[in-house]
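Data block below; observations after.
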Amino acid sequence: MSFLGSVARLGGQLVRPHDITLERSRDRAVAADAAVGSPAGVVEAVVERVVRLGFEVRIDLRADSGQRFAAQVTRGQADALGLTEGETVYARATQGPDAYELEPALAI
């Protein structure tokens, strides 16, 4: 899937940046993840950079494992989150069935 562009590895799943949702609260992220039925789970990450790209915003993140990945949200979502560099957020895949499984050794 990476030949199509940027992907993240969340809990052993390949997920595209625009299929990642960010939450400030771990409890909200876990509850939303359970509602969607995502096999990727919730990953705690630190915001490294927020880049506004027209109507989209790319948020560069670093997981506890050291893995770097990006989430892509709308400007409205980014404004609602109000993220700044150094903050901790909780990332989850928005669409579990579309995620591709990886070998267990590659999981976060």
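Tabulated data for the structure shown
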{"item": "Accessible area (Å², 1.4 Å probe, nearest 10) - Val7", "result": "40 Å²"}
{"item": "For Val46, net neighbour charge (Lys/Arg +1, Asp/Glu -1) across residues whose Cβ lies under 9 Å away", "result": "-4"}
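The values are calculated or read from the model by the stated rules, or taken from the named source; none is laboratory data. What you see is a predicted model; the values in this text were computed from it and never measured. FYI the Cβ positions are ideal-geometry reconstructions off the backbone, even for glycines, and counts take in every protein chain you see. We work out accessible area using only protein heavy atoms, side chains counted, and drop any ligands, DNA or RNA first. Shrake-Rupley method; radii C 1.70, N 1.55, O 1.52, S 1.80 Å.
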